[in-house]
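K.L.:
One structure follows; several queries about it will come next.
The values are calculated or read from the model by the stated rules, or taken from the named source; none is laboratory data. Predicted model only: the values in this text are computed from it and were never measured. Here Cβ is always computed from backbone atoms with ideal geometry, including for glycine, and neighbour counts include all displayed protein chains. The protein model used for the area step is the full one, side chains on, heavy atoms only, and it has no ligands, DNA or RNA in it. Shrake-Rupley method; radii C 1.70, N 1.55, O 1.52, S 1.80 Å.
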Amino acid sequence: MADIIKQATREAYGNALAEFGEKYDFVVLDADLAAATKTGTFKKKFPERFFDCGIAEGNMMSVAAGIAASGRIPFASSFAMFAAGRAFEQVRNSIGYPHLNVKIGATHAGITVGEDGATHQCLEDLAVMRTIPGMAVIQPMDSVEARAVVEWAINYYGPVYMRFGRFACPILLDRDSYKFELGRNVRLREGTDVTLIGTGLMVSVALDAAKLLAGEGISARVVNAASIKPIDEADVIAAAAETGAIVTAEEHNIIGGLGSAVAEVVTANRPCPVLRVGVEDRFGKSGKVPVLLEEFGLTAANIADKARKAISMK
Amino acid sequence: MDQATLKLLKEKAANIRLGVLEGIHAASSGHPGGSLSIADILAYLYYVEMNVNPADPRWQERDRLVLSKGHTAPALYAVLAEKGFFPKDELKKLRQADSFLQGHCEMKHTPGVDMTTGSLGLGVSAACGMALAAKLDKSPRRVYAIVGDGETEEGQVWESAMFAAHYGLDNLCFILDLNGLQIDGKITDVIDPTPHDKKFEAFNWNVIEADAHDFESLEKAFAAARACKGRPSVIIAHSVKGKGVSFMENQVGWHGSAPNDEQYAQAVAEIKASL
Ligand SMILES: Cc1ncc(C[n+]2csc(CCOP(=O)(O)OP(=O)(O)O)c2C)c(N)n1
Ligand SMILES: [Mg+2]
């Protein structure tokens, strides 16, 4: 088997901004984290279209709103903790409520921030961003999808929250054929006994879990839900109807994120067991990423365990 | 300042710097630049200025320190270990999953840490709350907060400044670590927060200038802050980011990267040679 290439989605985000900067007219804002969010890649190429706002995320979001209200497309970037956390109300009232065309590029989401620890490990952003009416909430599973999401966001009118990671994860999608569609899941593996719905770097972990389950004769479908809002209702209902059990996997609190979004659709349309893998309502901590993934149960083994349990509950 | 005190402070500051580098090197991550720029300030605070008790870290009548620029936790951990709040051995476990020494300051599990910080701009306000509480308690305890110069770009810093002056919190002293750098470059290039003196004066604060690496200058500054009644004080501490390690000094690249083995050895040698 060819070696799988790994890259952090934040890296792909920065590269995509620089690449599409040639073709499209947009500006990029950052809050003293250009080197980390990778908007620095764009800044290098298009310094006249890059504006550092300093360590002032709330101001940055409302500035972005003003730029959008004047007809231009701004990307605004910081760590997820500060973009969705510190600036929540600016995003809600300056961007969400007037439905302005601002693209929020939030990097360093989840516990794979690693050593920086809990203050920087945002596990709440999917939940809060999902509650803003009209906000599209997207988390790409790999670099190919991250690039596609950036180009899609440029061409879409409306506020978008894009969630990117710090940690390198496998590139699994095909760059030439892949196209991102809002509100559309991507099925990566067929299966009949259970559906594993992942988002972000947990998609590749869900694929590993499906392989573990296959060894026991359990057929698991694997789905990538990059579009968390709007969620692909038809595909979630199909998973419930056709496999009768669902396990979700995300690098987020199990409260309010993908698992909740899926459960909302299932309970209202086609009830079946839905078990959620994610951070179980606790704060993160400092440590090496593999150690943290293990400690917080963001593993193939845990997804497989939950899958067996969900099947037994049918 | 007498020679014995000066000698002690120099030694303690060097040990803080060594502790900073030991932890960051072992973790292969962390923020050396801004940790080294506050080493002398922390030595002065913990060995001269502040009233604390390592045997009873939560003693209610202690003075408080809020490290609002919480990414420079390694420096605070080093001085706390030096004072005996916890064993020095812990320092090399910085940022590991089996240690209480989190990447950013965390008050619940680390003896001697008075406030959880790391998200910039929040700590200064918590310090205001502590100073207000001391007033309500009619207690003489004092509250210190170390704030980054880049951090002053956060609007909340100025909200806290307004609050402290309004309530006459003369038991509150900010130390502004004016090292001139943040992550994306020089503070004056990224988004200029200067002049700090005029801004704080306009917010009705007592403004004091000091050399962050000169203990006699710090002694004068802290005495002036203590003597000021009716309003809060800010010590604008002119510092060098990366101070004490030649190749880190004034280099923006050393904000948040760890030294390799060779660089670590050189840094340790330089600090030891300075004594
Ligand atoms: C709210 C918030 N935004 C962004 C960051 C990321 N960050 C960590 S350190 C830093 C730069 C801080 O610069 P400064 O305050 O000058 O600190 P120092 O130079 O003393 O290290 C930034 C932007 C953060 N920790 N908190
Ligand atoms: Mg600075």
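K.L.:
Taking B:GLY121, is it under 18 Å from B:ILE41 (Cβ atoms), within 16 Å of ligand 2 (Cβ to nearest atom), within 16 Å of the chain's Cα centre (by Cα) and of a type outside the set (Ser, Thr, Tyr)?
P.N.:
No; evaluated as a whole, the condition is false for this residue.
K.L.:
Hey, does the stretch B:127-139 have a residue that's under 17 Å from B:GLY34 (Cβ atoms), in contact with an Asp or Glu (Cβ under 9 Å, 6 or more places away or on another chain) and either away from chain A (no Cβ under 14 Å) or part of a loop (DSSP other than H, G, I, E, B) (or both)?
P.N.:
There is no residue in the stretch B:127-139 that is under 17 Å from B:GLY34 (Cβ atoms), in contact with an Asp or Glu (Cβ under 9 Å, 6 or more places away or on another chain) and either away from chain A (no Cβ under 14 Å) or part of a loop (DSSP other than H, G, I, E, B) (or both).
Matching residues to (1) assigned by TED's automatic domain parsing to the domain that holds A:VAL160; (2) within 20 Å of B:HIS71 (Cα to Cα); (3) without any contact (Cβ under 8 Å) to a residue 12 or more places away in the chain:
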{"site": "A:ALA12", "(1), (2), (3)": "yes, no, no"}
{"site": "A:ALA16", "(1), (2), (3)": "yes, no, no"}
{"site": "A:LYS23", "(1), (2), (3)": "yes, no, yes"}
{"site": "A:PHE26", "(1), (2), (3)": "yes, no, no"}
{"site": "A:ASP30", "(1), (2), (3)": "yes, yes, no"}
{"site": "A:PHE46", "(1), (2), (3)": "yes, no, no"}
{"site": "A:ARG49", "(1), (2), (3)": "yes, no, no"}
{"site": "A:ILE55", "(1), (2), (3)": "yes, yes, no"}
{"site": "A:ILE73", "(1), (2), (3)": "yes, no, no"}
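K.L.:
Give me the strands (runs of 3 or more DSSP E) completely within the stretch A:114-230, filtered to those with at least 3 residues that are of a type in the set (Val, Ile, Thr) and open to solvent by less than 50 Å² (accessible area, probe 1.4 Å), ordered by residue number.
P.N.:
Of the strands (runs of 3 or more DSSP E) lying wholly inside the stretch A:114-230, those with at least 3 residues that are of a type in the set (Val, Ile, Thr) and open to solvent by less than 50 Å² (accessible area, probe 1.4 Å) span A:194-198.
K.L.:
Examine the stretch B:81-98 for a residue that is at pLDDT 95 or above and within 23 Å of B:THR152 (Cβ to Cβ), and state whether such a residue exists.
P.N.:
The answer is no; no qualifying residue exists.
K.L.:
Does B:ALA165 meet the test of being modelled with pLDDT of 95 or more, away from chain A (no Cβ under 14 Å) and surrounded by fewer than 24 Cβ atoms within 10 Å (Cβ to Cβ)?
P.N.:
Yes; evaluated as a whole, the condition is true for this residue.
K.L.:
Now for a separate question. Mind listing just one residue for me: the one in the stretch B:103-126 that is more than 11 Å from ligand 1 (Cβ to nearest atom) and within 9 Å of chain A (Cβ to nearest Cβ) and, of those, surrounded by the fewest Cβ atoms within 10 Å (Cβ to Cβ)?
P.N.:
The selected residue is B:THR116.
K.L.:
Which condition number in (1) closer than 23 Å to B:LYS186 by Cα; (2) more than 16 Å from ligand 1 (Cβ to nearest atom) is the one that A:MET60 fails?
P.N.:
(2)
K.L.:
For the stretch B:252-266, indicate whether the set of residues that are aromatic (Phe, Trp, Tyr), touching a strand residue (DSSP E or B) at 6+ places or on another chain (Cβ under 9 Å) and either more than 14 Å from chain A (Cβ to nearest Cβ) or open to solvent by 50 Å² or more (accessible area, probe 1.4 Å) (or both) is non-empty.
P.N.:
no
K.L.:
A further question on this structure: Show the residue pairs that are 6+ apart or on different chains and have beta-carbon atoms under 8 Å apart, the first residue being within the stretch B:158-181 and over 30 Å from B:GLY33 (Cβ atoms), the second being more than 16 Å from ligand 2 (Cβ to nearest atom) and among the hydroxyl-bearing types (Ser, Thr, Tyr).
P.N.:
Hits for this filter: B:ASP170/B:SER233.
K.L.:
Within the set of pairs 6 or more residues apart or between chains, which connect a residue that is in a strand (DSSP E or B) inside the stretch B:229-256 to a residue that is within 15 Å of ligand 2 (Cβ to nearest atom) and small (Gly, Ala, Ser) with Cβ atoms less than 9 Å apart?
P.N.:
What qualifies is B:ILE235/B:ALA212; B:ALA237/B:SER37; B:ALA237/B:ALA212; B:HIS238/B:GLY180; B:HIS238/B:ALA212.
K.L.:
A follow-up question, please. If you scan the stretch B:140-159, which residues turn out to be crowded, with 24+ Cβ neighbours inside 10 Å and either within 16 Å of ligand 2 (Cβ to nearest atom) or more than 13 Å from the chain's Cα centre (by Cα) (or both)?
P.N.:
Result: B:ALA145, B:ILE146, B:VAL147, B:GLY148, B:ASP149, B:GLY150, B:GLU151, B:THR152, B:GLU153, B:GLU154, B:VAL157.
K.L.:
Shifting gears a bit: Take A:GLU242 and decide whether it is more than 14 Å from chain B (Cβ to nearest Cβ) and open to solvent by 30 Å² or more (accessible area, probe 1.4 Å). Explain how you work it out, then say what you get.
P.N.:
On the way: more than 14 Å from chain B (Cβ to nearest Cβ): yes; open to solvent by 30 Å² or more (accessible area, probe 1.4 Å): yes.
Answer is yes for this residue.
K.L.:
Within the stretch B:38-52, can one find any residue that is under 19 Å from B:VAL268 (Cβ atoms) and more than 16 Å from ligand 1 (Cβ to nearest atom)?
P.N.:
yes
K.L.:
Can you tell me which residue is nearest to the other protein chains (Cβ to nearest Cβ) among those in the stretch B:229-251 that are open to solvent by 20 Å² or more (accessible area, probe 1.4 Å) and away from ligand 1 (no atom under 16 Å from the Cβ)?
P.N.:
B:PHE247
K.L.:
Let me ask something else. Name the single residue, out of those in the stretch B:70-102 being facing chain A (nearest Cβ under 10 Å) and within 12 Å of the chain's Cα centre (by Cα), that is surrounded by the most Cβ atoms within 10 Å (Cβ to Cβ).
P.N.:
This residue is B:ALA73.
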